[in-house]
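One structure is given below, encoded as structure tokens.
The values are calculated or read from the model by the stated rules, or taken from the named source; none is laboratory data. These numbers were taken from a predicted model, which means no experiment stands behind them. All Cβ positions, glycine included, derive from the backbone under ideal geometry; neighbour counts span all protein chains shown.
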Amino acid sequence: PEAMNRVSMIGNDLKLDSGVGTCGKEGQSVPVGVGMPTVRMDGLTVGGTA
């Protein structure tokens with residue numbers, strides 16, 4: 001949740017993963033996909049420490 005509050009810019013370059021996965025329960029499944037545009041997050045440390 002904290003990372004979402006740090007989004008300062010969103011690109012116009014949405015890309016979807018070409019693979020198809022499935023999500024399901026109790027013997028039922030549905031095809032799912034994932035994708036997102038480039039995002040800029042201010043003040044976020046990725047790996048290591050600040």
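Within segment 5-18, if we keep just the residues that are of a type in the set (S, T, N, Q) and in a loop (DSSP other than H, G, I, E, B), the residue that is nearest to T45 (Cα to Cα) turns out to be N12. Considering each residue of segment 19-30 in turn, none proves to be surrounded by 10 or more Cβ atoms within 10 Å (Cβ to Cβ), of a type in the set (K, R) and either free of Cβ contacts under 8 Å to residues at least 40 places away in the same chain or not in a loop (DSSP other than H, G, I, E, B) (or both).
Listed here are the residues, each with its yes/no results for (1) touching a helix residue (DSSP H, G or I) at 6+ places or on another chain (Cβ under 6 Å); (2) hydrophobic (A, V, I, L, M, F, W, C); (3) on the phi > 0 side of the Ramachandran plot.
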{"site": "M4", "(1), (2), (3)": "no, yes, no"}
{"site": "S8", "(1), (2), (3)": "no, no, no"}
{"site": "K15", "(1), (2), (3)": "no, no, no"}
{"site": "V20", "(1), (2), (3)": "no, yes, no"}
{"site": "K25", "(1), (2), (3)": "no, no, no"}
{"site": "S29", "(1), (2), (3)": "no, no, no"}
{"site": "V34", "(1), (2), (3)": "no, yes, no"}
{"site": "G47", "(1), (2), (3)": "no, no, yes"}
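Looking at T45, T22, just one residue is in contact with a strand residue (DSSP E or B) (Cβ under 9 Å, 6 or more places away or on another chain), at pLDDT below 95 and among the polar types (S, T, N, Q), and that residue is T22.
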